[in-house]
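The values are calculated or read from the model by the stated rules, or taken from the named source; none is laboratory data. None of the values given here were measured: they were computed from a predicted structure. Please note: Cβ atoms are built from the backbone with ideal geometry, for glycine as well, and neighbour counts cover all protein chains shown. Areas reflect the complete protein model, heavy atoms only, side chains present, ligands, DNA and RNA absent. Shrake-Rupley method; radii C 1.70, N 1.55, O 1.52, S 1.80 Å.
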Amino acid sequence: MPSLFTMKDDSAFPAPNAVYNWRIYALALSASMGSAMFGYDSAFIGGAITLPSFVSRFGLGDSSSELSAALSANIVSTFQAGCFFGAIFISYLVEKFGRKFPLLMCGLIYNVGSVIQVASTGSIGMIYAGRALTGLAVGASTLVVPQYISECSPPAIRGRLIGIFEIVLSFSQIVGFWVNYGVNQNISGNSDAQWRIPFALQLIPGSFLIAFMLTQPESPRWLIKAGKTDEAIKSLCKIRRLPLEDDYIAWEVSAVKEQLNHESESGANRSLRGKFKEMLEKGNRERLILGMSLMLLQNLSGINALNYYSPTIFKSIGFSGVSVGLLATGVFGIVKALATLVYMCFGIDKLGRRRSLLIGSTGALVAMFYLGGYSKVSGSFNHTVVQDGGAYVAIIMIYVFSVFYAMSWNGIPWIFCAEVFPTGVRSWLAQFIIVYSTPYMMKNITYGTFIFFGTSLVVGILVVFLFVPETRGFSLEEMDILFSIRGLAANQRKKADDTIASQRAAENVVDIKDTEYS
């Protein structure tokens, strides 16, 4: 009986329908509780630090605007600094202990950091310490989660499964946005419960990550690399819902072993200095630069400014008041999450990575340039403006930005990096810079903040058009072929398809495309 999740598979060895089953989706969802930690934290903190009870308890209302901007930047960016170091330190643990145990540790550390923040009675130092720990856990988990899902996924739905990472992130952001609105509306600003509840809710995604990952297997690819092939085969059979003797299981194990042997011959087991040297070799160098560039451009698109400081940004286009800012922010979260859900379910593995980035960037930059132009013409950064048609179009443009961002920079950089060269450090350094700089940018260069983000999207279009090849449908082992081809990105995929088709023919592997159109 065909699976409800049956997919067209153009990979080197087409998978049986049974592979596309509920277990692989449950695995992706369980691991993506790590992105729920990230999503909730990135959404709630910007609104939480504007709540009257938090401002009063931590003395933000008694500070000058310059000092207040500095405190806001420190509270938010301490988390990003933790993320940066978490992404660095986790690399050793995932190689030595696999993917599952480090994810369990991430959930535990995240919960400890959350407790420290909730326990603060006015000490900003405890907030900083707790934020650093939660950041450490989130930075580590966002490196491991896409890698773990990617290693467990069939090629035909790998984009969709890694996309669950972004779907969960977006819906957890909705919770973070609306929790702030709810406590502001229903709990007195004189009660510490008003700010403690949003901070305490961080414990939920951290606990879910621990509970759900206890039910999931280790990455088969890591098990094979660790010499535990029998355990890897059992893990694959469970995830794929195939019997031990199925040819697809044998092919998958063989393909992973072949790739690992190639990596070993290329120096994957070298010293740390040797690995750095290997990263700069031809083939790897291009992937590293592309991965870092995409993650940098993701942050330069302006999304983290909206995530962390959205109440301030809505105020900058004329919508003042804590409740109004939090309400508009909550709607922004819903629009972004729904757009992400629809696209990751129905678009990512059909439209592809490259085309999605080009279309999404074009729509997003139009929105950013309008916001910059409106802010300049209306003077909304300098005084309260009349909420006329231009102001309401500005609000719509924020939501337009969220839709186009959702189909492009929201998830594709994570998918691309997990597919071709999993490196997490580059993302968090960029986020630290953006979230630390945004309060000062909003205060000092005002409307130029939006122009800066719009210009970054123009750069993104150029980078994608010239250098980012389409990776949809390739197995992790076939990426080496794709990136060994010289030339512009538009031609790389076609040449790689031709090369792989020739290899399949030589190995007497039936090519599905040829069968369909012959």
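So that you can scan it fast, the table gives a plain yes or no per residue for (1) modelled with pLDDT of 60 or more; (2) closer than 30 Å to Tyr399 by Cβ; (3) among the aromatic types (Phe, Trp, Tyr); (4) buried (at least 23 other Cβ atoms within 10 Å of the Cβ):
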residue: Thr423; (1), (2), (3), (4): no, no, no, no
residue: Pro439; (1), (2), (3), (4): no, yes, no, yes
residue: Pro469; (1), (2), (3), (4): yes, no, no, yes
residue: Leu488; (1), (2), (3), (4): yes, no, no, no
residue: Lys495; (1), (2), (3), (4): yes, no, no, no
residue: Ala505; (1), (2), (3), (4): yes, no, no, no
residue: Thr515; (1), (2), (3), (4): no, no, no, no
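Give me the pairs: first residue in region 228-247 and free of Cβ contacts under 8 Å to residues at least 40 places away in the same chain, second residue acidic (Asp, Glu), beta-carbon distance under 9 Å, and six or more apart or on different chains, which are they?
Lys228/Glu218; Glu231/Glu218; Ala232/Glu218; Ser235/Glu218; Leu236/Glu252; Cys237/Asp246
Just for region 197-226: of the residues that are open to solvent by 60 Å² or more (accessible area, probe 1.4 Å) and more than 30 Å from Val55 (Cβ to Cβ), which one is modelled with the lowest pLDDT?
The selected residue is Lys225.
Is one or more of the residues making up region 229-236 assigned to a helix (DSSP H, G or I), surrounded by 22 or more Cβ atoms within 10 Å (Cβ to Cβ) and under 25 Å from the mean Cα position of the chain (by Cα)?
Looking for residues that are assigned to a helix (DSSP H, G or I), surrounded by 22 or more Cβ atoms within 10 Å (Cβ to Cβ) and under 25 Å from the mean Cα position of the chain (by Cα), one finds none in region 229-236, hence no.
For region 337-375, enumerate the residues that are open to solvent by less than 10 Å² (accessible area, probe 1.4 Å) and in contact with an Asp or Glu (Cβ under 7 Å, 6 or more places away or on another chain).
Result: Thr340, Met344, Gly352, Arg353.
Would you mention how many residues in region 178-196 are part of a helix (DSSP H, G or I) and either surrounded by fewer than 20 Cβ atoms within 10 Å (Cβ to Cβ) or aromatic (Phe, Trp, Tyr) (or both)?
7
Taking helices (runs of 4 or more DSSP H) that do not extend beyond region 24-120, which have at least 2 residues that are closer than 30 Å to Cys237 by Cα and open to solvent by 20 Å² or more (accessible area, probe 1.4 Å)?
65-97, 100-119
What are the pairs with Cβ atoms under 7 angstrom where one residue, in region 447-469, is over 22 Å from Arg493 (Cα atoms) and in contact (Cβ under 8 Å) with a residue 12 or more places away in the chain and the other, located anywhere, is assigned to a helix (DSSP H, G or I) and polar (S, T, N, Q)? Sequence gap at least six, or different chains.
Tyr447/Ser375; Phe450/Ser375; Leu457/Ser361
How many of the residues in region 313-350 are at pLDDT 65 or above and not in a helix (DSSP H, G or I)?
Looking only at that region, the number is 1.
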